[in-house]
Every structure is written in structure tokens, then in C-alpha cells.
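Peer 1: Starting off with a structure, shown below.
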Amino acid sequence: MAESTNMRLRLPLLCIILEVILIILFGTLVEYNDDTHAKLWNENRTDSATRNDHENEFYYRYPSFQDVHVMIFVGFGFLMTFLQRYGFSSVGFNFLIAAFSLQWATLMQGFFHGLHHGKIHVGVTSMINADFCTGSVLISFGAVLGKTSPVQLLVMAIFEVTLFAVNEFILLSILGVNDAGGSMTIHTFGAYFGLMVTRVLYRPNLDKSKHRNSSVYHSDLFAMIGTIYLWMFWPSFNSAITNYGDPQHRTAMNTYYSLAACTLATFAFSALVNPEGKLDMVHIQNAALAGGVAVGTAGEMMLTAFGSMIVGFLAGTISVLGYKYLTPVLESKLKIQDTCGIHNLHGMPGVLGAVVGAVTAALASPDVYGHGLQRVFADVETGKWNPQSRGGFQAISLAVTLGMALFGGLITGFILKLPIYGAPPDTHCFEDGLYWEVKTFHAYTPHAPDAVRAPKDSWT
Amino acid sequence: MAESTNMRLRLPLLCIILEVILIILFGTLVEYNDDTHAKLWNENRTDSATRNDHENEFYYRYPSFQDVHVMIFVGFGFLMTFLQRYGFSSVGFNFLIAAFSLQWATLMQGFFHGLHHGKIHVGVTSMINADFCTGSVLISFGAVLGKTSPVQLLVMAIFEVTLFAVNEFILLSILGVNDAGGSMTIHTFGAYFGLMVTRVLYRPNLDKSKHRNSSVYHSDLFAMIGTIYLWMFWPSFNSAITNYGDPQHRTAMNTYYSLAACTLATFAFSALVNPEGKLDMVHIQNAALAGGVAVGTAGEMMLTAFGSMIVGFLAGTISVLGYKYLTPVLESKLKIQDTCGIHNLHGMPGVLGAVVGAVTAALASPDVYGHGLQRVFADVETGKWNPQSRGGFQAISLAVTLGMALFGGLITGFILKLPIYGAPPDTHCFEDGLYWEVKTFHAYTPHAPDAVRAPKDSWT
Amino acid sequence: MAESTNMRLRLPLLCIILEVILIILFGTLVEYNDDTHAKLWNENRTDSATRNDHENEFYYRYPSFQDVHVMIFVGFGFLMTFLQRYGFSSVGFNFLIAAFSLQWATLMQGFFHGLHHGKIHVGVTSMINADFCTGSVLISFGAVLGKTSPVQLLVMAIFEVTLFAVNEFILLSILGVNDAGGSMTIHTFGAYFGLMVTRVLYRPNLDKSKHRNSSVYHSDLFAMIGTIYLWMFWPSFNSAITNYGDPQHRTAMNTYYSLAACTLATFAFSALVNPEGKLDMVHIQNAALAGGVAVGTAGEMMLTAFGSMIVGFLAGTISVLGYKYLTPVLESKLKIQDTCGIHNLHGMPGVLGAVVGAVTAALASPDVYGHGLQRVFADVETGKWNPQSRGGFQAISLAVTLGMALFGGLITGFILKLPIYGAPPDTHCFEDGLYWEVKTFHAYTPHAPDAVRAPKDSWT
């Protein structure tokens, strides 16, 4: 058994091969875009006297990019450190698969978003989009957390990024829908993909590791670092790639109000569903974020603070109820072992966000949006805009996303089931010691009994 | 006793009622402002060819907003995790009351700052102002930390936010004073309000919980996360709502120098007041921040780096001395139990900041400020500007703030004293287990004695 | 022995004297620059109708400054908390010496970068430069971590900042080379300076503290906070002071790709060099950052994503191999005790970055850069530009930097060897209790054996 989880050859080989392929593809396919290329940016500059450096997309997008980047690496990474003995893997594997995914996503998205004379053009907007796609992979990671080897996770990322790019292309380029904050493309897709993967990888004997599948006091505090960063920067996430000006400003504000209302709902229902009225860290860490997910599509529209708060309140409510009542049923009846409860944080709120987006798009009117209409709905300029049909396309997009995610997750799950990746045995899930050098759990204290050594014998 | 702290009905009921009221009021009173409204922003755009998206206030204010947001949720939240068994409550209740306060503050400040045809206009500046007001509530939270139920904290927030908005209106709109970084409106107000509340809620038998009223090694490290984020982003806090251009730039820089000097003073006096010359984490965590508080009023003026450093050095010094010598006296003589020592971090440095602001305003002259004078002192444009009278109004504002804070804290304290909120008993202050599901404190370690279970019997 | 580490007089005296000197020098030498001065900014404004507030350097530089600031205080501070009993000192002394260094650096760099009528002009760019210089001191701190008193560290900072400014002046002003992200000026200089200092301070009996010179589970998670922040914000670091527009945008993107590739190399080689294929937290925490160091010089050039990824991959590889094979040899053969392994994170990758910079500069051509050439290479405008000679000057700069660092570290090391600073004895290195009040390591738990007290007797 011990042999099978040894990563000495598998992980280096996979990492090196992937990175070499990435480097070769970047070398042949990727070029600086107009805003990052020394020649192109300064050529245009000479052509038109009005173009100045402050108009470089860097100054509109880079602060948002950095906030999104923090969500991906600190937010997701630390949110998953809640497990008592899986902190290294949570933040470490999150780091590894995110670093891989953002490179692979640049290629896949660049390919589908349209080549320029056969080349992919990159800049801060492609960096944000790559981080977005990565977010989707990390959502799926939450479902299989503790039950997969790093090699499995990288293989999952290869397939998920690819399918993400296809689904995104269908939604944004073919159906022409709005989804700036990714309620559908990121959250719904990532959640149902991950749920299907974990369904295929179902472990009937996972109970053997149940003593490790819970938090301790300090691990919950580390997880709160992740939660709070996700919560604070979600306004930047949803607004990162909207149009400049009022859409970006409005999206950030709608998200801010949705999250605030969601937080009150989370605390309310967390206390209500507990017999002693005690708050549950799992709810606070996760459900309070559902408000960001649920305005991911409609956030850039004229949803109003009022509408945002209603959506946020609903999202927090269904998320807490999902953790309390639905997750146990999913596991016992549908055999879906969802470690982080991504169905409650990303799945249901993502679907809610898609529905809210469809309704809000269907209710849009030139009376309300004025000349700003075309800055939110791209087909206004082509004269083809029709709000009801826009709403319809939004709804169709949700169905497409669900189909793509479930089908993709199914196939990927079966690929990940091959016994070649060094997955942990049922007795050693949720355990860092399998893939990491773990020396001691407690500090040396001269006058106390010796520090408790992590038991090596049990897995080596 | 156990019954009395059960939050099962009280907390959900209060949260849901408050959020429903907020949603109704937002629905009837709140509208997008010119920079967030699709129609309004793009209308103006057509009127004037020179107006471009980069002039949207989003691009001037949003990075500052995000820094302020981090201070409110990570800064304040983690700063208070220093207590060994109160980390969930510190970061969790901070999260809850901040999420409520920022919504309520939007309404209260919007009401007092001036309605537009009966409506409150919102955008990134109102978001910053709401976060500022929230900061004031969190300062007061620091005084009563560990001794209040979440229901009490929400009730406190309702009153404090309201009075904050009244006081802010008197200072900024009636007296027309400067206080961009809130030495008076935020720090002095929040500190003395909180001190009066904790005075009214005095617990003669708090000693029964004294074994929990201290830090452990890792809780002090979590608290340092809060400290460092507050310290780093204070330049953004003080400059977030100043005028664009030189005032914003100058404020950030003055704050940067004040904090640097303050830090050296803090280390110096922390070692000096200890018999063995050892540094005290309480000082480093708190007093090093006093320099940010103390330039909250004068920061936007021509204080110079030199002046800022003197102010910061003084602030750090009085703050450490306050922790060492004044806090014990306040508790023993005045019956003020100030858990976080907010009098040393926000109270005295806030008063210092108000005085520095008054003096700096009184010394302002067109010689030094040139055409920039009117961009700092609003009444220059109306021709009524007189530096001495400006200084006088600044000093009056300090007195008004102290009066409002003490009176408001007194009333609020008595309201919070009603035995209906489920406050913790004297024996179980500073204890997460009262309001949170706390399973284990230490990780499962196969070869060691079983993980120490949090003792349930003692409060259930 | 106990007497000798008492900081009661030494530390306060040094801090107060230094701060008083700083305040006096700032009072006599420092002035607001054109963008922070109320008069100067608004004068120019009247002269030219086209100058608007959004052109204030604040809006181009401040978000980058804040990211750099986070790297300095959170990044470096928490990265060094990996030691089990040295967390207070890591983040605390980092805080102290950074707060001092940024003030001292403002003066030293201001002096060398050119006075304006005898005055140093300050603004956000000088703040970034001061933070950069501080970073160099913190790199050196990593080499001597756990083996020095705070007084020693401040004395080291005085000398290192001064020499940094001299070296930077020679490179940027005399040799006119490019080094926006500081592969040479910051990383190579800081690393070899620190290595020479620790060589001079060699402790043959450091083994007596070896039980404390390692991590525990949670200290490694705290360190990952530092790692991830450094990793995420490195694109801001390298691009913070490049020219506006395409160079800043391009630098951020090149760094992003270099780091992503570096991370995959780090995971690959970390597993490969371990007999059981287990990942080592030391590698992940440090080597994954080497990619940022290695594009510090060439990042602003037309390195391409392809080139950046190759450089990053190489940097991660040599860094892991350095930790595994070189560090033990440096200690046993060359008597260099490098606590954090700065030679692997900053030394070798810094040299690599300098070489990559020289080659990339030598390969620059107007064909590739177009009109953007002069925005990267300053001497294009003067007509003296010659790529081969540029490459040569870049290489000479590396030699100069190495010489300055080794010589400066040698002298400084001998100064720090004087037995007057209260350095820790060999038996109490890597121990917070020497300079900090440390009460308990574990939380009070009613049903468990009493909390383990930190042993006081052993050093008092």
C-alpha cells in the first residue's frame, strides 16, 4: 500500500512534462498584446495624440487582477485548511494546480477566444480570465479534498480547464450571454464538474478516515483567513472584466451589498438550525460567501442594491440549509462525498445566480439603462437586442453549463479512477503525512513531555 | 444559566428582522449615483466629450476602498484573536457586526449627508464612508470583547452607527471641519463610546474568567496578522476620501512616515517599561498603530514628513505608557474594563490627532499651500476662510465628539444592561464555546493521548 | 549570561537616538515633491490645462506600492515564522528593522539619487524605493535569523542601507543599467551581504540550539501566508518603478509567467530529491519564489512569456537543488550558517536574473521594440545606446554588486561581532523567550493537564 502513494517519479515526471509542453506551446503561440508590446503600444501612441499611458488596460484592470489573484491563492488555499491534518496539502496542492491551470487556461482560452494571425495575445485581461478558469478547478478540488493525490489533481485540471474553455466559448461567443462574475461559467461549472468527479470516485469505506475529516480550533482560524479574503475581494472578482466605467463600478457595489445581506442570513440560519443555538464555523466559512456567487451574472446589470441584498439573503439561506440538510443526504443517498460542501457554496448559489441573471436580463429596458444599455448587453449595438430572448439565452446557458459539467466530470472521474496516480488508501485520507514531510505537530517545550511525533509507521 | 445564553431564537430573529428592514429601506430610499448608474453616467458622457471612463470615481477610490475593507474585516477581526479561546468570536462577531453596520451606515450617513430628491445616492465613496463608520463600531467592540453576546453587539451597532452619523454631520457639515482620516469622528468617538459602554456594563466578578483573558503563542501570531494589515493599509485609510491628486498623495505619505516613527517608539518603550527589557506583544500589536490614528485629521494638510514623524513618535510613546500604567488604573479606580485597551490605541491617540489637526489648520497659509489651499480647506472658495477660526472649530469638534460619545455610550450601555440579550456569565467570559460549536482544541494524533475535548459540561 | 541579553537600556536607547536623528534630518532635508506639495501640484495645474489629477503619480504607483508594502511586512515577516519558537521575533523584528530602514533609506537614496536645491523630494516613488532597499535588509536578516539581537539587526540595517544606496547609485546612475525589479541591487546584494555577515558571525556550537531550529505543523502554515503573499504580489514588485504603460504592464505579466513555471519546477524537484517522494515545505515556501527574483532585471524587456517561463523553471530547479545539496556544504565546508537558505532563494536566482538581464539587454533591437526602445533603455534618447555595450555594463554591474555586498558584509559582520549587542548564547538561539514576554504555549483547557508554561528558568 505504502508503495502506491510514493510520488517520487510520478509527480516530477508529470510536472516536468507538462511544463515543457506549456513552454513549447507558449513559445510558438503566445505574443504580447497591444498594451504589453513595446512596439505596438508605442506605435499606436504616435498615431493618435490622445492616447496616453493612463489608458493602458493595466491601470483599469491590474488592481482587480491582484484582488482576484489573492482570492485564488490565499482565498481558496486557506479556506480549505480547515481540516486538522491537511493544511499543507490544502494550501500546497491549491498552489500547484493553480500555477499549472493558469498557464494551461491561457492557451485554451486564447485558442477559443480568437487567435490573431494564428497567435494568442496576452495581457492583464487574459491573466484575469486564466485566474477565473483556475477558480473553477479549485472549486472542484474542494469536492475531492483529502481523497486525491497531486497527480490526480493535475490530471483533473488538464481536462477541466479544457472543458471550461469550451463551455465559456459556447456561452460567451456563440450564445452571447452575460456572465462577468461567472455564476455559470465558473461556479456552476466547477461545482457540478467536481460533484460528478467525486461521485465516480466514491469511497464506501471513507469512514476509516473520519477522525481526520474535521477541524480543530486553529485550523478553523486559518480557514477564516481564506473566507474573509474571498468575501472582501468578491466585488473585485465580479467586476474584474466588465466594461470600464459604470458597469465595473456598479458590479463591485452590487456584490458588496449582496455579501453583506448574505452574512446576516448566514449567522441567522446557522444559529437557528442548531439545537443549542450555537454557530457553526462551517457555515460562517462558506455560506457567507454565497452572496458573491449569486450575483455573478446579474451584478453588472441594473440589479440595484435592493435586488442585490434580496439575492444575497436568499443565497446565504439556501447555503446554510444545504450544509445542514442536503449534504448528508447527498452522501448517504447519492454517494456524493463533498468534502468542502461545494454544492452549497458554489452549486446552488451558482444556479440561483444564473436564474437571477436570466430574469434581470429579461427585464432590461432602454428606459432604465439609457445609453448605457449597449455597454452591458453587447448585441444592442448590432441592433439584434431583445430582452426576452436575452433572458432565454441566459437560461439556455445554464442548461448547457450543467450538461457540460456533469458530462465532463463523469468522463474525468473515470479517467481519475485508474489505479496509477497514487491515490491515498481509505485509511489515510485527509492526511498530509502521505505526500509531505511532516516532522512534529507540537513545539518542543523543555519542561514538558517530548513533542508528539507524527506517527511515521502508519503510512511508510 | 445555560438557558440564558442560548442564541437559537434571539440571534436569528434579530438578524432577520434587521435585514428585512434594511432591504425595505434600501428598496425605497437608495439609488445608484451618477458614476454607477448606466443611464446617468453615459448621459453625461454624451454631453461632454471630455468625460471619459477613467474619470469615473471608481478608478480614484476603489483601490483605497479595498484596503480599507481589508482593515475592517481582516485588520480588526484578527487583531482581536489574541485571546486564547475567543478567536471564533473575535473574527466571527467582527464579521457579523461589520456586515450589518455597513448597511445601516449607508442609510444613516446618506440621510445626513444630503438626500437627492428624497433619495440616497450610493457609489464607492459611500462604501468607504460606511466602512469608516463600521470601524468606529469595531473600536467599541474592542472594549467589550469577550463580555457580550452577539445580540448585544448588534444592538450596540444600531445605536452607535446612528450617533456616529449625527456627530459626523455636526462636524463635517455644520462646523465644516477637516477629519479625512477620522481622528475625531472614528477613533475618538468609537473609543469613548466603547469605554462608556464597558463602564456601564462593569463586572465586579470578571476575575472568574481571568485565566482565559490572555493570549497563547499562536493566538498572538494570528493577532499580528491583524496588526500588520492595519499598519500597512493605514495610509490608504487616511487618504481614502480626501480630494483627488496632491491631498490624497500627501495624506498617504504623511501616514506612512508617522507609522514608521511610531513603530520605533513602540519597541523602545515596550522594552523600557519591562523589568527584564523584554518586549510585550500587546504593545507591538496595538501601540505601533497609534501613529495612524494621530495623523487622521492633519494628514491631508501640509504637515510635512518631519511633523508626521514627531506626531507618530509621540503617539507610540503615550500608547505604550497607557497600556503599562493607565489601563490598570482605569480598571481599578474607574471600573472601566477595556479588553483590548482601545483607550491607548484609539482614545488618547485620537485626541492627540484632533489637537494636531487643530494646530495644523490654524497654521495654514496661502504662502505654503498656494492654489492648493482650497482643495484642503473647503471654505476658502466661499471666501470665509480664516485659519485661527478654522483651528477653533477643529478644537470645538473634539469637544462635541467627546460629549456625543460619552453621552451615547452611557445611554447605549444602559440599554445593553437589560437581561434579555444572553450575555455570558462572569465565569464564562472570553470563551468561544458559549456561542460556537467547538469540537476539539488539538489535532488527533494516533500515538498520543486522545485529543483534548473542549469541556461541554461546564456551560451546557 | 542572562544579563548580557537584557535589552532594557540598549534597545530603547538605540531606537530613540536613531529616530531623533531621523526626525532632525527629515526636518532639515526632506520636502514634498511636485506631486505631493499643495502649492507645486496646483501651480503646474494652472500653467497647463491638460494636466489633471489623474496624472498624479499616485494613481500610477500607489496600488503597486501597497502590494510591495505587503510583501515587505507580511511577506518577509511571516515567511520567517516557520521556526517553532521564533514567530514573535520573525514578524516582530522584521517589523522593527523595516520601519527603521524605510526611513533611513529615504535619506540615503534621496541623497544619492540627486538633491533638488539641497533638498530630498519625496513621494510615492521614493516610498517604493525605500521599501525596496528595506527588502534587501530583510533578505540579509534571513541569513542570521534566530542568532542575533534586535540591536544587532538595527546596526546591520544602518550599514546595509547605506551601502545599498551607494551600490544602487553606481549601477543606476553611473553605469546606467536596468534593474527595475532588483535582481542585482536587491536580491544579489542582500543575499551576499547577509551570507558574509553570517560567515563572520559563525557559531561553531550552534548545535546546542538545533532542537529549536526547525518547524512545527502550524508554524509552517503561518510561513505559507508569507510565501503566498510574496508570490502573488511579485508582479507588482518587479513592475513598481518601471516606466508607465507597456513596460509596467509587460513586467507584471512576465513575472506572473515566470512564477507559475517556477512553481511546477519546485514541486517536481522537491518530490524528486526525497527518497520517499514526499514534498518538503522548505522548498515550497522558498524555491517557488525564485522565479520572481530571476526576472527582476529582464522583466521589463521583451523577454516574452516563453522566455520568462524558461527562466522561472530554471530558477525553481536550482533553488530546490541548492536547498538539498548546497546549503549543507556551505555550512560544513564554508562555515556559512544560513537559517532561511537565502542563498537558494535570493543569491543564486539573483545572479541568474542578472545574467538573464545582461543577455536580454544585449539582444535588444529597434526591430523588436520599435518606438518603445527608449522607454526601456534610457540612453536611447541620448543616442549612445549600443546593445552589446549595454549587456556588458549589465554584467559589470553584477560584479560590482557582488564585490560591494561581500566587502560590506565583511566589515558589518566584524562590527556586529563586538560583544555589546546582547546576542543570544549558543544554547538559546531560535528562541523568542529571550527578547519577548512569552507566557504560555498552549491554551488553558479545564479538563486537561495544565497548560505547558514556557520555561523561564532556562534563560533568566
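Peer 1: From C:HIS218, C:HIS211, grab the single residue that is without any contact (Cβ under 8 Å) to a residue 12 or more places away in the chain, within 14 Å of chain A (Cβ to nearest Cβ) and in a helix (DSSP H, G or I).
Peer 2: So the residue among C:HIS218, C:HIS211 that is without any contact (Cβ under 8 Å) to a residue 12 or more places away in the chain, within 14 Å of chain A (Cβ to nearest Cβ) and in a helix (DSSP H, G or I) is C:HIS218.
Peer 1: So C:ASN286 fits all but one of (1) within 25 Å of C:GLY75 (Cα to Cα); (2) touching an Asp or Glu at 6+ places or on another chain (Cβ under 7 Å); (3) open to solvent by 10 Å² or more (accessible area, probe 1.4 Å); what number is the exception?
Peer 2: C:ASN286 satisfies all of (1) within 25 Å of C:GLY75 (Cα to Cα); (2) touching an Asp or Glu at 6+ places or on another chain (Cβ under 7 Å); (3) open to solvent by 10 Å² or more (accessible area, probe 1.4 Å) except (2).
Peer 1: Quick one: is A:ASP179 open to solvent by 10 Å² or more (accessible area, probe 1.4 Å) and out of contact with any Gly (no Cβ under 8 Å at 6 or more places or on another chain)?
Peer 2: No, not satisfied.
Peer 1: All but one of (1) within 7 Å of chain C (Cβ to nearest Cβ); (2) open to solvent by 10 Å² or more (accessible area, probe 1.4 Å); (3) farther than 16 Å from B:ALA143 by Cα hold for B:MET224; which doesn't?
Peer 2: (2) is the only condition that B:MET224 fails.
Peer 1: Filter the range B:20-40 for residues that are of a type outside the set (A, V, I, L, M) and facing another protein chain (nearest Cβ under 7 Å); which is surrounded by the most Cβ atoms within 10 Å (Cβ to Cβ)?
Peer 2: Only one residue tops the list, namely B:THR36.
Peer 1: Test of understanding: among A:SER90, A:SER140, which residue is within 20 Å of C:LEU279 (Cβ to Cβ) and either more than 10 Å from chain C (Cβ to nearest Cβ) or part of a helix (DSSP H, G or I) (or both)?
Peer 2: Going through A:SER90, A:SER140 in turn, the sole match is A:SER90.
Peer 1: Something else: If you go through the range A:101-111 one residue at a time, do you hit one that is modelled with pLDDT of 95 or more and within 7 Å of chain C (Cβ to nearest Cβ)?
Peer 2: Yes, the range A:101-111 contains a residue that is modelled with pLDDT of 95 or more and within 7 Å of chain C (Cβ to nearest Cβ).
Peer 1: Does C:THR382 count as among the hydroxyl-bearing types (Ser, Thr, Tyr) and modelled with pLDDT of 95 or more?
Peer 2: The answer is no for C:THR382.
Peer 1: On to the next question. Restricting the range B:289-324 to residues that are among the aromatic types (Phe, Trp, Tyr) and in contact (Cβ under 8 Å) with a residue 24 or more places away in the chain, which is surrounded by the most Cβ atoms within 10 Å (Cβ to Cβ)?
Peer 2: B:PHE313
Peer 1: Could you please give the count of residues in the range B:366-413 that are closer than 19 Å to C:LYS39 by Cα and free of Cβ contacts under 8 Å to residues at least 24 places away in the same chain?
Peer 2: 11
Peer 1: Sticking with this one: Restricting to the range A:361-385, count the residues that are within 31 Å of the chain's Cα centre (by Cα) and either part of a loop (DSSP other than H, G, I, E, B) or of a type in the set (Lys, Arg) (or both).
Peer 2: Count: 5.
Peer 1: Is there a residue being in a helix (DSSP H, G or I) and free of Cβ contacts under 8 Å to residues at least 12 places away in the same chain anywhere in the range B:334-357?
Peer 2: Scanning the range B:334-357 turns up no residue that is in a helix (DSSP H, G or I) and free of Cβ contacts under 8 Å to residues at least 12 places away in the same chain.
Peer 1: Can I ask one more? Mind listing whichever residues of the range A:386-443 are of a type in the set (D, E, K, R), under 24 Å from A:GLY87 (Cα atoms) and away from chain C (no Cβ under 14 Å)?
Peer 2: Hit for the range A:386-443 is A:ASP426, nothing else.
Peer 1: To continue, here is another question. Residues that are within 9 Å of another protein chain (Cβ to nearest Cβ): find the helices (runs of 4 or more DSSP H) completely inside the range B:228-317 holding 3 or more of those.
Peer 2: Correct list: B:246-272, B:281-286.
Peer 1: A further question on this structure: Does A:LEU163 meet the test of being surrounded by fewer than 24 Cβ atoms within 10 Å (Cβ to Cβ), under 15 Å from the mean Cα position of the chain (by Cα), of a type outside the set (S, T, N, Q) and farther than 24 Å from A:GLU300 by Cβ?
Peer 2: yes
Peer 1: Which pairs do you get when a residue that is at positive phi, found in the range C:43-61, comes within reach of a residue that is open to solvent by less than 40 Å² (accessible area, probe 1.4 Å) and modelled with pLDDT under 85, reach meaning Cβ atoms under 9 angstrom, with the pair 6+ apart or on two chains?
Peer 2: Here the result reads none, with nothing in the range C:43-61 linked to a residue that is open to solvent by less than 40 Å² (accessible area, probe 1.4 Å) and modelled with pLDDT under 85.
Peer 1: Does the range A:49-63 contain any residue that is more than 8 Å from chain C (Cβ to nearest Cβ), touching a strand residue (DSSP E or B) at 6+ places or on another chain (Cβ under 9 Å) and open to solvent by 10 Å² or more (accessible area, probe 1.4 Å)?
Peer 2: No.
Peer 1: Name the residues in the range B:99-137 that are part of a strand (DSSP E or B) and touching a Leu at 6+ places or on another chain (Cβ under 9 Å), would you?
Peer 2: Matches in the range B:99-137: B:LYS119, B:ILE120, B:HIS121.
The values are calculated or read from the model by the stated rules, or taken from the named source; none is laboratory data. Here the structure is a predicted model, which means the values were calculated and not measured. Cβ sites come from the backbone with ideal geometry, for glycine too, and all protein chains shown count toward neighbours. With ligands, DNA and RNA removed, areas are computed over all heavy atoms of the protein, side chains included. Shrake-Rupley method; radii C 1.70, N 1.55, O 1.52, S 1.80 Å.
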